[in-house]
1. Tell me, what is the percent relative contact order of the chain, built from C-alpha pairs under 8 Å that lie six or more residues apart?
2. Grab the beta carbon distance between ARG147 and GLU26, set R0 = 41 Å, and tell me the FRET efficiency rounded to 0.05.
3. Give me the dipole magnitude in Debye, nearest 20, for the chain about the Cα centre, with unit charges on the beta carbon: positive for Lys and Arg, negative for Asp and Glu.
4. At 1.4 Å probe size, with no ligands or nucleic acids counted, give the accessible surface of TYR105 in Å², nearest ten.
5. Kindly sort MET72, MET176 by accessible area of their heavy atoms, largest first, with the probe set to 1.4 Å.
6. Okay, helix-only estimate at 222 nm for the chain: each DSSP H run of n ≥ 4 adds -39500 (n - 2.57), divide by all residues, round to 500 deg cm²/dmol; what do you get?
7. Which residues does the label zone of LEU8 cover in segment 108-144, counting backbone N under 16 Å from a point 7 Å along Cα→Cβ?
8. Report the accessible area of TRP130, computed with a 1.4 Å probe over the heavy atoms of all protein chains in place, in Å² rounded to the nearest 10.
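The values are calculated or read from the model by the stated rules, or taken from the named source; none is laboratory data. A quick note: this is a predicted structure, and the numbers were derived from the prediction, not measured. Cβ: placed from backbone, ideal geometry, glycine included. Neighbour counts: every protein chain shown. Heavy atoms of the whole protein, side chains included, go into the accessibility calculation; ligands, DNA and RNA do not. Shrake-Rupley method; radii C 1.70, N 1.55, O 1.52, S 1.80 Å.
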Amino acid sequence: MSNSFLALVNRRESTRDFSAVPVEREKILRCLEAARLAPSACNGQPWRFIVVESQPLRKTLAEQAFSGIHRMNAFAIEAPVLVAVATIPTRKAALLGGLFRRFSYPLVDIGIACEHFVLQAIEEGLGTCWLGWFDEKAVKKLIPTRRWERIHILLAVGYPKGLTRRAKKRKPIGEMSEFR
């Protein structure tokens, strides 16, 4: 059994210091392909990835998304690429099942798709950071969305400055799991 997947997961961390080096479109396309292949409830694929790489728009988007009370994520202004992940309506079966269970399958689905994107980005030598704390109204003013879409996640993407890996602080397996 190969440990390559565990090695990849271990390399994944939230990058908060990006270099100004532009990200090649081919690398972003491979990340999008990884996200596209993610599983979803009833194969609903309730996501849309909007890649913002053009510098005037990206800079304006980042400045407005991460201002005011959202300032704690202002580091993302330096990321050469921002990916807005919109949640779109899903299939009726997944929606109905979610209503019965009081559970949002689309949010789980975009989480899986985003992590596929992020893991492929690591494979490409890129750094990423999931961002859920941002001004969604400001983002939606700059990125055309349909009225029923929500932008739940922004992904900051770029080459990390430096290659220092932080030690992961995680609960031990025995504390986060059990066998019966």
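1. Dividing the mean separation by the residue count of the chain yields 35 percent.
2. My answer for the efficiency is 0.75.
3. On the way: 29 positive and 17 negative charges, 101 e Å.
Dipole about the Cα centre, nearest 20: 480 debye.
4. For TYR105, the solvent-accessible surface is approximately 50 Å².
5. Greatest to least solvent exposure: MET72, MET176.
6. -11500 deg cm²/dmol
7. Residues 112-128 qualify, since their backbone N sits under 16 Å from the label point.
8. 80 Å²
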